[in-house]
Amino acid sequence: METTLAAERVPVTEIFVGELADFGAVVEEHRPAVFRFLLASLREREPAENLTQECFLRAYQARSGFRGQASVRTWLIRIAVNLMNDYRKSARLRFWRRTAQTSLDVAFTGDWLVDRRSSPEAEASAREQVHAVWRATAALSERQRTVFLLRFVDEMEIREIAAATGLREGTVKAHLFRAVDAVRRKLRENE
C-alpha cells in the first residue's frame, strides 16, 4: 500500500519525462514512423533523413518540457510536421528544391507494400498502384497531403493527427475526406 501512495505523489510530468529517460530507446522505436512520414511528405530521401535527425535532436533538447498531454509518438510527429513546414517555407532552399528531382523511387516505396510471396505480375501491379497513389497525393494541398499520409502511411488516429498537426479533429476529418475523395477521383481518371 505504501508503494502505491509513493507512486501517487510523483507528478504526472515526471512519469512522462521518465518515459523519455532512455532516449536511445525512444529513437529506436519512433524513428521509422517519423522518417516514413517525412519521406512520404517530402518525397526526397536526403531532406527526410536530415529532418528526421533534426526532429530527434529537438526532441532530446526539449524532453524536459514534454508534459505528456499526447503520446511520445504524437509529440515527435508534431515536431516533424513543424520541421517539414519550416523546410518548405525556407526561401534559401527554394532554388535547390526546384532544381532537384521531386519524384520518389517507386521501387523503394513498392517494397513497403509488396508481399514477397506474390507473383511478379502482382508485384508489378502493386508497384503501379503505389506509384498512382503517390502521383495523386502530389496534387493535394499541403494540409490534405499531411493528414492523408499520417492516416494511411503512419496509421494514426484522427485525434493523434489533430494533436500532431495542431488542427481540430473536425478539420482533420474534413481534410482527410477531401484528400481521400481527390485521390479516388485521380485513380479513377487513370484507369
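The values are calculated or read from the model by the stated rules, or taken from the named source; none is laboratory data. These numbers come from a predicted model, not from an experiment. Don't worry about glycine lacking a Cβ; one is built from the backbone with ideal geometry, like all the others, and counts go over all protein chains shown.
A few points about this structure:
- Each residue in region 145-180 was checked for being of a type outside the set (D, E, K, R), over 21 Å from residue 42 (Cα atoms) and without any contact (Cβ under 8 Å) to a residue 12 or more places away in the chain, and 4 of them qualify.
- Sub-6 Å Cβ pairs linking a first residue in region 113-140 that is at pLDDT 75 or above to a second residue that is β-branched (Val, Ile, Thr), at least 6 apart or interchain, are 127/106; 130/109; 131/106; 136/183, ordered by first then second residue.
- Each residue in region 150-182 was checked for being touching a helix residue (DSSP H, G or I) at 6+ places or on another chain (Cβ under 8 Å) and part of a helix (DSSP H, G or I), and 20 of them qualify.
- Meets criteria (at pLDDT 85 or above and either within 15 Å of residue 154 (Cα to Cα) or under 22 Å from the mean Cα position of the chain (by Cα) (or both)) for residue 38: yes
- When we screen 98, 63, 88, 78 for residues that are modelled with pLDDT of 50 or more, over 20 Å from residue 37 (Cα atoms) and part of a helix (DSSP H, G or I), the only hit is 63.
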